[in-house]
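The values are calculated or read from the model by the stated rules, or taken from the named source; none is laboratory data. Keep in mind the model is a prediction, meaning the values are calculated, not measured. A quick note on method: Cβ atoms are made from the backbone with ideal geometry, for glycine too, and the neighbour counts reach across all protein chains shown.
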Amino acid sequence: MKQTINFSQFVDGFSNRKDNFSYSGLKALFNYFEELEESGCGEIEFDPIAICCEFTEADYNYFIDTYDIHTQLDLSVEELDEMDEDETPVLDWLREQTQVIIVDENTIIIQDF
């Protein structure tokens, strides 16, 4: 049995998990899942709990600190801080490790690894 959901239903599915994703983050996730289905990856089961466990939304600094990215890139924290976010290799490094979904200029969602 299958049910197709729209964006509003997708957002409603996270009503008990409001701390996991912003409204913009949910929109980015919804678009990501729709693009996956349209690209031929098959139907995706809507499971808000699994999505919350598998994906994390935060700003770049959270991921830099959590994954100690400056060490991974052999840069000092100061060198990384001096770079504009669009100049840093952080996004490239994350994309090499996992799926990255851009939410806005300061926020991304990654598939946890």
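Table for the structure above
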{"item": "Flag if Phe33 is under 18 Å from Thr4 (Cβ atoms) and modelled with pLDDT of 90 or more", "result": "yes"}
{"item": "Conditions (1) of a type in the set (D, E, K, R); (2) under 28 Å from Val11 (Cβ atoms); (3) modelled with pLDDT under 90; number of the one not met by Glu57", "result": "(3)"}
{"item": "Which listed residue is on the phi < 0 side of the Ramachandran plot, in contact with a His (Cβ under 9 Å, 6 or more places away or on another chain) and polar (S, T, N, Q), from Ser22, Ser39, Ser76", "result": "Ser76"}
{"item": "Number of the condition not met by Asp92 [criteria: (1) under 15 Å from Ile108 (Cα atoms); (2) surrounded by 12 or more Cβ atoms within 10 Å (Cβ to Cβ)]", "result": "(2)"}
{"item": "Residues (surrounded by 10 or more Cβ atoms within 10 Å (Cβ to Cβ), part of a helix (DSSP H, G or I) and either hydrophobic (A, V, I, L, M, F, W, C) or over 15 Å from the mean Cα position of the chain (by Cα) (or both)) located in the range 1-33", "result": "Phe7, Gln9, Phe10, Val11, Asp12, Leu26, Ala28, Leu29, Phe30, Phe33"}
{"item": "Candidate set from the range 34-64 (those that are within 12 Å of the chain's Cα centre (by Cα) and of a type in the set (A, V, I, L, M)); member that is farthest from Pro89 (Cα to Cα)", "result": "Ile51"}
